[in-house]
Amino acid sequence: MKFLSGNRASVILLAIMSVVLAAATILERIAGSAAAGAIYHNPGTIVLWGLLVINWAMIWFKLLDSRKIPLGSTILHLSFAVMLTGAFVTMVTEVDGHMHLCP
(Lines give C-alpha, C1' and ligand atoms only; values in the text may rest on other atoms or scores of the structure.)
Protein backbone atom coordinates (compact mmCIF):
# COMPACT_ATOMS: atom_id res chain seq x y z
CA MET A 1 0.00 0.00 0.00
CA LYS A 2 2.93 2.32 0.58
CA PHE A 3 3.79 2.28 -3.13
CA LEU A 4 0.21 3.19 -4.08
CA SER A 5 0.30 6.27 -1.85
CA GLY A 6 3.33 7.80 -3.55
CA ASN A 7 3.90 10.18 -6.42
CA ARG A 8 5.83 7.53 -8.36
CA ALA A 9 2.67 5.41 -8.49
CA SER A 10 0.76 8.42 -9.85
CA VAL A 11 3.24 8.88 -12.67
CA ILE A 12 3.26 5.17 -13.55
CA LEU A 13 -0.54 4.83 -13.43
CA LEU A 14 -1.04 8.00 -15.48
CA ALA A 15 1.49 6.82 -18.07
CA ILE A 16 -0.28 3.47 -18.40
CA MET A 17 -3.66 5.20 -18.61
CA SER A 18 -2.34 7.56 -21.30
CA VAL A 19 -1.20 4.62 -23.42
CA VAL A 20 -4.52 2.80 -22.93
CA LEU A 21 -6.61 5.85 -23.84
CA ALA A 22 -4.39 6.66 -26.84
CA ALA A 23 -4.80 3.10 -28.07
CA ALA A 24 -8.57 3.34 -27.63
CA THR A 25 -8.65 6.61 -29.58
CA ILE A 26 -6.60 5.15 -32.44
CA LEU A 27 -8.70 1.98 -32.46
CA GLU A 28 -11.88 4.05 -32.54
CA ARG A 29 -10.58 5.95 -35.55
CA ILE A 30 -9.66 2.75 -37.39
CA ALA A 31 -12.41 0.31 -36.39
CA GLY A 32 -15.25 2.43 -35.01
CA SER A 33 -16.67 3.24 -31.61
CA ALA A 34 -17.78 -0.33 -30.84
CA ALA A 35 -14.16 -1.50 -30.95
CA ALA A 36 -13.03 1.33 -28.68
CA GLY A 37 -15.85 0.46 -26.29
CA ALA A 38 -14.14 -2.89 -25.77
CA ILE A 39 -11.20 -1.00 -24.27
CA TYR A 40 -13.26 1.54 -22.33
CA HIS A 41 -15.48 -1.16 -20.78
CA ASN A 42 -12.62 -3.57 -20.17
CA PRO A 43 -12.34 -4.59 -16.49
CA GLY A 44 -8.61 -3.80 -16.59
CA THR A 45 -9.31 -0.21 -17.61
CA ILE A 46 -11.92 0.12 -14.87
CA VAL A 47 -9.46 -1.25 -12.29
CA LEU A 48 -6.83 1.21 -13.56
CA TRP A 49 -9.24 4.14 -13.04
CA GLY A 50 -10.02 2.80 -9.56
CA LEU A 51 -6.32 2.57 -8.71
CA LEU A 52 -5.84 6.16 -9.84
CA VAL A 53 -8.69 7.36 -7.61
CA ILE A 54 -7.30 5.39 -4.65
CA ASN A 55 -3.83 6.81 -5.35
CA TRP A 56 -5.14 10.37 -5.47
CA ALA A 57 -7.14 9.85 -2.26
CA MET A 58 -4.17 8.35 -0.40
CA ILE A 59 -1.89 11.21 -1.43
CA TRP A 60 -4.59 13.73 -0.47
CA PHE A 61 -5.02 12.20 2.99
CA LYS A 62 -1.23 12.12 3.46
CA LEU A 63 -1.01 15.81 2.57
CA LEU A 64 -4.02 16.57 4.76
CA ASP A 65 -2.10 15.28 7.78
CA SER A 66 0.76 17.67 7.04
CA ARG A 67 -1.67 20.55 6.34
CA LYS A 68 0.09 21.36 3.06
CA ILE A 69 -2.88 20.97 0.76
CA PRO A 70 -4.32 24.06 -0.94
CA LEU A 71 -8.08 24.49 -1.21
CA GLY A 72 -7.95 24.80 -5.01
CA SER A 73 -6.15 21.46 -5.32
CA THR A 74 -8.73 19.82 -3.08
CA ILE A 75 -11.63 21.14 -5.15
CA LEU A 76 -9.94 20.11 -8.41
CA HIS A 77 -9.27 16.54 -7.30
CA LEU A 78 -12.69 16.13 -5.72
CA SER A 79 -14.22 17.22 -9.02
CA PHE A 80 -12.20 14.49 -10.78
CA ALA A 81 -13.56 11.94 -8.31
CA VAL A 82 -17.13 13.17 -8.87
CA MET A 83 -16.72 12.98 -12.67
CA LEU A 84 -15.26 9.48 -12.52
CA THR A 85 -18.03 8.35 -10.18
CA GLY A 86 -20.64 9.74 -12.57
CA ALA A 87 -18.94 8.06 -15.53
CA PHE A 88 -18.88 4.74 -13.67
CA VAL A 89 -22.56 4.98 -12.69
CA THR A 90 -23.46 5.87 -16.28
CA MET A 91 -21.46 2.93 -17.62
CA VAL A 92 -23.06 0.48 -15.20
CA THR A 93 -26.65 1.70 -15.66
CA GLU A 94 -26.56 2.64 -19.35
CA VAL A 95 -29.47 1.77 -21.63
CA ASP A 96 -28.92 1.67 -25.37
CA GLY A 97 -31.50 3.43 -27.49
CA HIS A 98 -32.30 6.35 -29.73
CA MET A 99 -33.72 9.70 -28.77
CA HIS A 100 -35.49 11.79 -31.38
CA LEU A 101 -35.08 15.49 -30.71
CA CYS A 102 -36.83 16.98 -33.75
CA PRO A 103 -40.50 16.36 -34.61
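The values are calculated or read from the model by the stated rules, or taken from the named source; none is laboratory data. Only a predicted model underlies this, so the values are computations on that prediction, with no experimental measurement involved. Counting neighbours? That spans all protein chains shown, and the Cβs are built from the backbone with ideal geometry, glycine included. Areas reflect the complete protein model, heavy atoms only, side chains present, ligands, DNA and RNA absent. Shrake-Rupley method; radii C 1.70, N 1.55, O 1.52, S 1.80 Å.
Between SER5 and LEU27, the FRET efficiency from the beta-carbon distance, with R0 = 22 Å, is close to 0.10.
When ARG8, ARG29 are compared by accessible area at a 1.4 angstrom probe, the order from most to least is ARG29, ARG8.
How large is the accessible surface per residue of the chain, computed with a 1.4 Å probe and reported in Å² as a whole number? On a per-residue basis, 76 Å². The tail of the calculated P(r) for the chain, taken as Cα-Cα distances beyond 24 Å, holds 38 percent of the pairs.
Carbon and sulfur: what percent of the stretch 10-80's accessible surface (1.4 Å probe)? Exposed carbon and sulfur together represent 75 percent of the surface. Relative contact order of the chain, taken over Cα pairs closer than 8 Å and 6 or more residues apart, is 28 percent. Listed peptides 37-47, 92-102 appear in the order 37-47, 92-102 once ranked by packing, highest mean of other Cβ atoms within 10 Å at the front.
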